[in-house]
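Everything on this sheet refers to the single structure shown next.
The values are calculated or read from the model by the stated rules, or taken from the named source; none is laboratory data. This is a predicted model, so every value here is computed, not measured. Neighbour counts are summed over all protein chains in view; Cβ atoms, including those assigned to glycine, are modelled from backbone coordinates with ideal geometry.
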Amino acid sequence: MALTRTLGKTIIIICILTSAIGQIATGESTQAKDSKQETRCENSVITFDLSSLQTIYLYPESILANTDAFWKNDKAYWLTSLWMKNVGYDYPPYGWQQYIEQFKTIPAENRDSGSTLKLGRECVKLRDSLLGDVVAHICSFLPDSVTDLSTTVYLTALIVPNAFQMNYNVVLNANAIGSAAEAWNTTIHELFHVGYYRNECYRTEMLFHNEEKNDLTYSLQNEGIATYVAFSAPDAMYHEHKDYRMLKDGSKVKKAINKVNELIKMVDSESPDDFRKKMFKIGVEERALYICGAHIARTIDQRLGREALVKTVSAGPRTFIATYNEMVSEDQKVIELPLEEPLTDFQQMRKAAVDGDYVRLRKTLKTIRENKASQKPVGHPLEMTGHLLLERDSLDLAREVFEIYEELFPKHGNPYEGLAETYLIKGDSLKAIEYFRKLIEVVPGHAHAREELVKLGVSVSE
């Protein structure tokens, strides 16, 4: 990784506290870096929000007065509720309220001295030059389409996951982190996800029609490269994570490859629900997707170079696997899933959009509408295509894609968010408000929708 001059003028850390907002700019870096990478992401703004931690440890009485309101209105906890729904967990988790009640017994004058709050504050006190190095490092693994890694990192406590990225926000569980350096290293992993998702609509590969195949291969690439990005982070960062120890152990890497191949073999034979449970257990809890994916990323990066790895991010996970397989022995290969033939209407739609063939795109959209009762709908290509068209300023086509998305998935939030964003860009505030309100109906408490409605002058009830 290399830096040639300071990023301090444009990359900012903002630490949000209950009482004040402070800014910390990055200082001058002593390392060298590619100037193209430097300028591409230099305007990124990383916001550290400690307000959830403060509420939990300093004001537990306010949470106990209305726990439902806390889960709805605290941004870190609202994002956590989405994560828990996605993985099938109930919330609040068992015993959560009892922990809050324990904090209530601590005298108010002693609450501010706890180690978890100190850790949160230490996260924003690391040497100022660190952020410039971190952003440049992450950006070096991402295509040119990604020019901004701006996000908010919410530090909270008493949640199930250690860390996650959701809706371009990052949530860290301070109870699962031992030091500020570890928190930053975890943030690097999650920030890569932010960039990966921002590139998603530009991906050139065709998606599988089978959503489980998409999720499996997508997670292998996304979690794998994120793990490798954090593993190869600047020397000042934390490098003792259990994933890194496994990545250094050839026998554990081989076990991870075998486990991923087991998942690939069962994707067609298991029901979607059963497969997703096994993918979470084997791929996430047992770390197979992380270790195997990081090994693939490391192999491509070390043997072919960073540019080759970035090209796989531009293309998609099938290219990621195929590029790796070309370099390794049979016993180290990951099974390649063939794309279904013939292409479905949804795949044809996506291909036409990627190719920029809007005449063919309109024809496939018409076909999807006409055949929607006779084929299995798939939401992911509609979402990716809609956002690609927004990025290309093809607003009327984007609106049509999101409208079809809404017709096929009326209980999902994504089509309403896409339509609201489309009308916002078009300058139609009334229609944007209509769809942000629909989004809140489908996803109660949706934080982004609430924020946008406030910006549009609409009162939002608690």
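Brief remarks on what is shown
- Test for LYS125: is it out of contact with any Phe, Trp or Tyr (no Cβ under 6 Å at 6 or more places or on another chain), closer than 16 Å to TRP184 by Cβ and assigned to a helix (DSSP H, G or I): no
- Any chance LEU247 is touching a Ser or Thr at 6+ places or on another chain (Cβ under 8 Å), without any contact (Cβ under 8 Å) to a residue 60 or more places away in the chain, under 30 Å from GLY132 (Cβ atoms) and buried (at least 17 other Cβ atoms within 10 Å of the Cβ): yes
- One residue from THR227, THR217, THR204, THR186 being outside any helix (DSSP H, G or I) and among the polar types (S, T, N, Q): THR204
- Among the candidates ARG399, ARG362, ARG392, ARG450, the residue that is modelled with pLDDT under 95 and over 28 Å from LEU216 (Cβ atoms) is uniquely ARG450.
- Qualifying residue in the range 55-76 (condition: surrounded by fewer than 14 Cβ atoms within 10 Å (Cβ to Cβ), over 21 Å from the mean Cα position of the chain (by Cα), in the same structural domain as GLU42 (by TED's automatic domain parsing) and assigned to a loop (DSSP other than H, G, I, E, B)): yes
- Among the residues of the range 79-103, those identified as assigned to a helix (DSSP H, G or I) and farther than 18 Å from ASN175 by Cα are LEU82, LYS85, ASN86, VAL87.
- Where a residue in the range 86-103 is closer than 19 Å to ALA76 by Cβ and its partner, wherever it lies, is in a loop (DSSP other than H, G, I, E, B) and modelled with pLDDT of 85 or more, with Cβ under 7 Å and at least six apart: TYR89/VAL160; PRO93/VAL160; TRP96/LEU158; TYR99/LEU158
- Subset of the range 256-274 (residues that are farther than 19 Å from LEU339 by Cβ, part of a helix (DSSP H, G or I) and among the charged types (D, E, K, R)): LYS259, GLU262, ASP273, ASP274
- Residue that is assigned to a helix (DSSP H, G or I), hydrophobic (A, V, I, L, M, F, W, C), modelled with pLDDT under 95 and buried (at least 17 other Cβ atoms within 10 Å of the Cβ), where the choices are ILE368, ILE433: ILE368
- All told, LEU361 falls short of being within 30 Å of LEU82 (Cα to Cα) and not assigned by TED's automatic domain parsing to the domain that holds CYS292.
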